[in-house]
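One structure is given here, and the rest of the page talks about it.
The values are calculated or read from the model by the stated rules, or taken from the named source; none is laboratory data. This one's a predicted model, so the numbers in the text were calculated from it and none came from an experiment. Please note: Cβ atoms are built from the backbone with ideal geometry, for glycine as well, and neighbour counts cover all protein chains shown. Note: accessible area is taken over every heavy atom of the protein model, side chains too, but ligands, DNA and RNA are not part of it. Shrake-Rupley method; radii C 1.70, N 1.55, O 1.52, S 1.80 Å.
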Amino acid sequence: MRRIALVTLVVDDYDEAIRHYTEALGFRLVEDTPRPDGSRWVVVQPGDEGTGLLLARAKGEQQRARVGDQTGGRVGYFLYTDDFARDHARMLAAGVTFLEEPRHEPYGSVAVFQDLYGNRWDLLQPAG
C-alpha cells in the first residue's frame, strides 16, 4: 500500500506550534524526538490514522519567509470532520480565527480558517 504519510509545515517554534495544533485544533502529538543537530522530529495528527504534519522549525531566511504563507495565500490544508458544528464551535472557543462564516455547498459544510501562522485551511464535513 502506498500513501502520503507526512506533510511538512514550516513553523517558527516547536512548542508554540505543538500547543496550537493540539489545543486549538484538537490534533494529537504523535512524536516529539530530539535530533543530534538540535532540531526535533515533531509529528501531529488530527486522528488516529491518516496523514500527519511534520512541524519543522524554519532554518535560514528563505524558510522563515515561508512560515504562514506556504501555499501563496491559497487554502493549502483540508481538515475533514464528521461533525462540522461540533468542531467549528470547539475551534472558535479555542480562539481559532475563521475567515468566513460557515457555508453549505453541494460538496459539504465548509469554512476557511487560519492556523497560528496564517496558513489557510478548510474545515470540511463532506456531504453524504
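Here are some notes:
- Scanning the range 51-63 for residues that are under 30 Å from Q125 (Cα atoms) and open to solvent by 40 Å² or more (accessible area, probe 1.4 Å) yields a count of 1.
One line per residue, one yes/no per condition, for (1) loosely packed, with under 14 Cβ neighbours inside 10 Å; (2) in contact (Cβ under 8 Å) with a residue 24 or more places away in the chain; (3) assigned to a helix (DSSP H, G or I):
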residue: G38; (1), (2), (3): yes, no, no
residue: V44; (1), (2), (3): no, yes, no
residue: D48; (1), (2), (3): yes, no, no
residue: A65; (1), (2), (3): yes, no, yes
residue: D82; (1), (2), (3): yes, yes, no
residue: D87; (1), (2), (3): no, yes, yes
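- Residues (open to solvent by 10 Å² or more (accessible area, probe 1.4 Å), outside any strand (DSSP E or B) and in contact (Cβ under 8 Å) with a residue 60 or more places away in the chain) located in the range 7-23: D12, E16, H20, E23
- Test: residue in the range 91-101 that is part of a helix (DSSP H, G or I), open to solvent by less than 70 Å² (accessible area, probe 1.4 Å) and either at pLDDT 95 or above or touching a Lys or Arg at 6+ places or on another chain (Cβ under 6 Å) (or both): yes
- For the range 27-36, the criterion of a residue being modelled with pLDDT under 95, surrounded by 13 or more Cβ atoms within 10 Å (Cβ to Cβ) and not β-branched (V, I, T) is satisfied by no position.
- Selection of the range 102-117 for residues being under 15 Å from the mean Cα position of the chain (by Cα) and open to solvent by 70 Å² or more (accessible area, probe 1.4 Å) yields only L116.
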